[in-house]
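Below: one structure, written as structure tokens.
The values are calculated or read from the model by the stated rules, or taken from the named source; none is laboratory data. No experiment lies behind these values; they were computed from the predicted model shown. Quick reminder, even Gly has a Cβ in these numbers, built from the backbone with ideal geometry, and neighbours come from all protein chains shown. Side chains included, ligands, DNA and RNA excluded: accessible areas come from the protein's heavy atoms. Shrake-Rupley method; radii C 1.70, N 1.55, O 1.52, S 1.80 Å.
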Amino acid sequence: MIPQISPRPSTGRRTLSIIGTQRRDPVHAAARLSRFLNDQDASGDPGDLVRGLQHRVAEVTGKEAALLLPTGTMAQQIALRVHSERRRTTEFAAHPTCHMLNYEFDGYAVVHGLRVHRLGETHRLFDGTDLAAMPSTVGSVVWELPQRELGGILPAWDELVSQVDAARAAGAATHLDGARLWEAAAGYNRTAAEIAALFDTVYVSLYKSLEAPRGAVIAGDRDVIRDVWTWAVRLGGDSSGNWPLAAFGLMALDELLPRMPRYLDHARAIAHAIVATGLAEVVPAVPETAIVHVHLPFPAERVAAAHETIAHERGIQLFRAPRVTTTGSCFFEIAVGESALEIEPHEVTDALVALAELAASPSCDPR
């Protein structure tokens, strides 16, 4: 039997972010992993866990095969590299706010020699008109569902289907950045497999709403995943040593996946309560997924300073960090996960009222 690890008492605050929750605390996470492995009697080949997760994700997404990788950054860059090689082009298309363009230091270009065609504008989802104007040299198109930087919004289902059909008609592969596929499924009231069926390859994250320490899975046709595996080996990402990530993923698929509709309902209840205060604008007004942006009419530095005080006093973390808008005000992201279910909407609004009062006060020190 694997030794049991006792979790230490939590000192973390309740949070409206899926990052930094108690579930990510190393000792608590290790204790959960130990209990899971004991329950599974997982004392044999660690590759069994990896293969088990890959089979499970392939099944949930309705794909022939899947491959576990350490990070989404590696997974998506490999997927686009494979699609490019198959179509003998180095160009892909994606929304200007997608993760690969904004958070990965141009890894798609530096590591893989790929070039990007930006679809649409930063403040809106791309549409059929943008796809129609796409160069014929584009080998693959990336959809992010939901579009996090726009407040977790989704294209209308019929529009999405039409877009995918148009991309395929142009000869491009279709790839889904499904880091939050599970939230998108709740938003569309469809299964993950129904959404994934539209795309040639699908990336899902174990790190986001499934709240594992890290991990990503690429799913698709068997021959495509075989090519993904080749690149994973080249980049050092394929190994049975990824078994802890597989175990966390298997746990989360059982425990958290069924709760995605609850996360969406709670996000909507919180957003409704915030709107009722008249203090902030919520984008979108009715959350389409468990993500929502809250805009405040104060500079980010004052909101950050006020939040530090309010979070300490009330034990509720409303956000990780405010983000500056083009008008000099700010907004923050709410991403409802397990921890957020413990926070009632009135607690959020009480904290927000106190934060706004402090941010507006001359005594607020933004240093």
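So, with a 1.4 angstrom probe, what is the percent of accessible area on the chain that is carbon and sulfur? Reported share for carbon and sulfur atoms: 51 percent. With Cα atoms as the point set, the radius of gyration and Dmax of the range 182-245 evaluate to 13.4, 39 Å.
Sort the following peptides by mean Cβ neighbour count (other Cβ atoms within 10 Å, averaged over residues), highest first: 142-154, 333-345. Could the numbers behind the result be given before it?
On the way: 142-154: 23.8, 333-345: 20.5.
So the peptides 142-154, 333-345, ranked by packing, come out 142-154, 333-345.
Straightening the chain between SER240 and SER361 buys 38.0 nm, computed as 0.36 nm per residue apart minus the Cα-Cα spacing. Close amide-amide hydrogen proximity is noted between LEU210 and no other residue 5 or more places distant or on a separate chain, at a cut-off under 5 Å (H modeled in the peptide plane; Pro and chain starts excluded).
Considering only SER339, ILE270, THR289, the residue lying farthest towards the positive end of the dipole of the range 233-367 is THR289, judged by Cα position with unit charges set on Cβ. For the listed peptides 302-308, 201-207, a ranking on the average number of other beta carbons within 10 Å per residue, highest first, reads 201-207, 302-308.
Relative contact order for the range 195-322 using alpha-carbon pairs under 8 Å, separation at least 6, rounded to a whole percent? Don't jump to the answer; show the numbers that get you there.
Working: 106 pairs, mean separation 18.3, N = 128.
Computed over the range 195-322, the figure is 14 percent.
So, in Å, what gap is there between the alpha-carbon centers of the range 180-226 and the range 324-349? Rounded to whole Å, the Cα centres lie 25 Å apart. Working from label points 7 Å from Cα in the Cα-to-Cβ sense, the HIS272 to VAL111 distance is 4.3 nm.
Here the simple spin-label model places points 7 Å from the Cα toward Cβ, and for ARG88 and ARG24 these points are separated by 4.5 nm.
The order of TRP157, TRP182 by accessible area, most exposed first and with a 1.4 Å probe, is TRP157, TRP182.
Considering the options SER162, ALA173, SER205, tell which one lies farthest towards the positive end of the dipole of the range 113-208, charges being +1 on Lys and Arg and -1 on Asp and Glu at the Cβ, about the Cα centre. In the range 113-208, that residue is SER205. The peptide list 80-88, 28-36, put in order of mean Cβ contacts within 10 Å with the highest first, becomes 80-88, 28-36. Only Cα pairs under 8 Å and 6+ residues apart enter the sum, and on that basis the relative contact order of the chain stands at 21 percent.
Which option, (1) -0.36, -1.24; (2) -0.64, -1.28; (3) -0.42, -1.33, is the value of log10 I(q)/I(0) by the Debye sum over Cα atoms at q = 0.08, 0.15 Å⁻¹ that was calculated from these coordinates? Here log10 I(q)/I(0) by the Debye sum over Cα atoms at q = 0.08, 0.15 Å⁻¹ agrees with entry (3). Sorted largest first, the spans of the alpha carbon positions of the range 81-140 along the three principal axes are 29, 26, 12 Å.
Taking a ≥ b ≥ c as the square roots of the eigenvalues of the Cα gyration tensor of the range 217-324, is the shape rounded (a/c under 1.5), prolate (a/b larger than b/c) or oblate?
Working: a/c = 2.49, a/b = 2.11, b/c = 1.18.
Note, shape of the range 217-324 comes out prolate.
Of ASP45, ASP227, ASP238, the residue with the greatest mean-square motion in the GNM of the chain, using alpha carbon springs below 10 Å, is ASP45.
For a test of the definition: using alpha carbon positions, the gyration tensor, and the 1.5 limit on a/c, classify the range 275-336 as rounded, prolate or oblate. Write out the running numbers ahead of the final one.
Working: a/c = 1.72, a/b = 1.20, b/c = 1.44.
Verdict is oblate for the range 275-336.
Computed per residue of the chain from DSSP H runs no shorter than four, each worth -39500 (n - 2.57), the mean residue ellipticity at 222 nm is -13500 deg cm²/dmol.
At 1.4 Å probe radius, can you tell me the per residue accessible area of the chain in Å²? Please report the intermediate quantities before stating the final value.
Working: 15860 Å² over 367 residues.
Each residue of the chain exposes 43 Å² on average to a 1.4 Å probe.
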